[in-house]
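Step one of this worksheet: look at the structure below.
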Amino acid sequence: MPRVKRDILDDGIYHILNRGHNKDNLFKSADDFNTFKIIIKRYGEKFYFNLYHYCLMPNHFHLLIKVGRAKELPVIMKGICQSYAHHYKKSYNHSGYLFQNRYKTIHIDRDSYLLECARYIERNPLRANLVSDPSEYIWSSYNYYVKGVDDDIVTTSPLYETLAETPKERKEAYTRYVLEPRPYEQLLDEKIASLR
């Protein structure tokens, strides 16, 4: 069956996700997580895109990306996934598929959803019971925003800048925003899981 064509727009913002084949882990060590970030950085130097938020979970990843040229997004994502698959197969003598399927894209067409999507992405370790606070999880963009931790693959989200006047107030406002529970999160998790 032919693949459905993706509708990608110039200067569009996309929530991109993919997971391991059969829900197997994609990342088994700190070196794996770091290698994935290095690959993202390398593609960021070759193509124009901004990575606003991300979370690398053991068996899947989430990226919130603004892409300059629509036609480059498939090239970027294919390159990132293939490069990482090469690393993984070489490191673990793995054969066969690494990823469950083609990566998924969700177009972020409203500013209000941009912050909600960022929050959803960075709360992944909490929902998976890996940590009790998202700041304890180092493989996401959360600490870039709430602690000012240097992360050379992240470009500050334009909406983050609008949260408050000073950097300290922005960090506090973003922390409150992310940590506030939402009653619909389980429904959102189920919808996202159906896309993977």
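A few notes on this one:
- Cross-link partners for Lys90 among the lysines, with Cα-Cα distance under 21 Å and sequence neighbours closer than 8 places in the same chain left out: Lys23, Lys28, Lys37, Lys41, Lys78.
- Cα shape, the range 101-164, gyration tensor, a/c 1.5 rule: oblate
- Each Lys and Arg contributes +1 and each Asp and Glu -1, all at the Cβ; summed about the Cα centre of the chain, the dipole is approximately 920 debye.
- Leading residue at positive end of dipole, the range 2-97 (Cβ point charges), from Val67, Ala85, Ile40: Ala85
- Taken as Cα centroids, the range 15-39 and the range 61-125 sit 10 Å apart, rounded to the nearest whole angstrom.
- In a DSSP loop and with at most 12 other Cβ atoms within 10 Å, there are no chymotrypsin sites (Phe, Trp or Tyr not before Pro) in the range 141-180.
- Look at the alpha carbon pairs under 8 Å that are at least 6 residues apart: their mean separation over the length of the range 12-195 gives a relative contact order of 27 percent.
- Over the chain: Kirkwood hydrodynamic radius from C-alpha pairwise inverse distances, Å: 17.3
- Axial C-alpha extent at least 20 Å, average Kyte-Doolittle at least -0.5 - helices from the chain (DSSP): 72-92
Any read-out appearing in this document is the output of simple, stated calculations on the displayed coordinates, not a laboratory observation. The structure presented is a predicted model; accordingly, all values stated were derived computationally and were not measured. Backbone-built Cβ (ideal geometry, glycine too); neighbour counts: all protein chains shown.
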